[in-house]
Amino acid sequence: MNIFAKKPVFMLDRNFPIYFIDLPGFHPQLGVETDDYALYDFLSYEDQKLFQPHTRPMTDFMFYPFETISREGRTMQISEVNLIVLFKPETGIAKIRKNHVSLLTAEDIDILMGHFQTGYEKGISAFEREINSTLNFVDISQKQAVVREFINFCQHHLFFEGFATPSCLETLGYIQANLARAVALYQNFKRVSPKEDVTPTDQMPAKAEVVEISSSTNGSSAKIDISNCVSDVVNIWSLLLECWKIKRFQIPQVYRTKDEVLRLLGMMFSEKDGPTTQVPNSEHLFQGDLGEGYIKVLNLLMHSTYKLCGNSRKVNLTEFSAMLKSTFSCYHKSSESSLNTNMKKHVTDTIRAFQNAEQNQTISSALKSLRKIDHYPLS
């Protein structure tokens with residue numbers, strides 16, 4: 001945004017997407033506002049170079065195109081390169097000065113990251129509201145096209161110019177969170193359409209495209225039957241509602257309600273002949289919001305599900321490993337064979353972390369179900 005330019009009269013363009021209409025510090029056409037720039041520090045690289053836009057097309061990445069950065073036990077997925085350099089100085093990519101004079105201190109960086117995190121957490125919570133109309137489309141190709149447009153919109157405006165104002169950083173955090181969740185959602189839609197090769201770029205599209213997709217893979221045939229142990233599985237996977245509170249894991253809150261956990265279970269498992277139907281037949285959607293910190297928790301949840309249900313259903317561990325890899329982003333570096341070997345690796349430590357946590361009904365019910373498994377460290 002050119003801070004010295006006179007603001008033009010807002011003109012509606014039928015091909016111009018509009019989002020974040022009630023986001024403070026943001027104009028749908030002009031982008032992030034920096035009107036209060038003179039009150040705060042201006043950042044630049046040590047060699048006096050100014051920040052440049054480094055928006056990278058999604059096609060540049062084999063997988064999840066974000067850098068995970070943590071603060072106070074919360075993780076953020078960041079793709080804007082200048083912000084990665086700012087918030088992760090240990091990478092040694094470059095040093096940053098304020099007002100072309102003094103180098104940023106660790107305290108300076110933490111303050112700036114705090115403003116960004118405030119906006120990021122708001123953006124994570126507001127994502128569904130921002131794209132609510134998209135989710136109402138029946139045709140998945142329409143959903144995919146509009147989400148792609150939303151990604152382009154976020155990328156277009158996600159540029160840290162160096163104005164270290166609280167409002168600017170909070171607004172960028174909000175946009176970054178929406179971009180991260182939109183990319184995860186887009187990946188989910190793309191999995192249903194393996195032949196669809198139109199990928200988001202850093203260019204604003206003139207018009208959302210509608211593409212042909214193959215038939216949905218949503219079906220219970222690929223899911224693992226847990227009819228004989230569904231209540232225990234629900235108890236154990238409900239730990240996803242509690243794990244983020246445990247400092248040892250250093251992970252953000254992703255799942256907030258039991259219904260969300262049940263929908264997740266319905267993406268991976270089926271309940272064919274159980275006495276009740278707790279697990280819905282959910283469409284399998286890739287869970288792109290989970291960083292590597294979730295691996296220890298998910299290893300316990302899936303390994304215990306295998307121990308409770310796999311043997312009686314004659315389902316081997318490889319199928320459970322494949323389900324982990326195909327569902328959660330944190331396993332993108334793992335092969336199915338390594339998952340078979342390592343899934344039990346942190347089970348003991350993870351169980352003890354939950355035992356030592358502040359107890360409530362959810363954790364108590366999960367531990368009770370885990371006690372049914374032989375050789376688990378529970379008395």
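What follows is calculated from the coordinates using simple rules that are stated; it is not laboratory data. Only a predicted model underlies this, so the values are computations on that prediction, with no experimental measurement involved. With ideal geometry, Cβ positions are generated from the backbone for all residues, glycine too; neighbour counts draw on all protein chains shown.
State the dimensionless ratio Rg/Rh of the range 307-379 (Rg: radius of gyration of Cα atoms; Rh: Kirkwood radius).
Computed over Cα atoms, the ratio is 1.00.
Amide H to amide H under 5 Å from Asp225: which residues, 5+ apart in sequence or cross-chain, H placed 1.01 Å off N in plane?
The answer is Ser270.
To the nearest 20 debye, what is the magnitude of the charge dipole of the range 226-347 about its Cα centre, counting +1 on the Cβ of each Lys and Arg and -1 on the Cβ of each Asp and Glu?
For this selection, approximately 460 debye.
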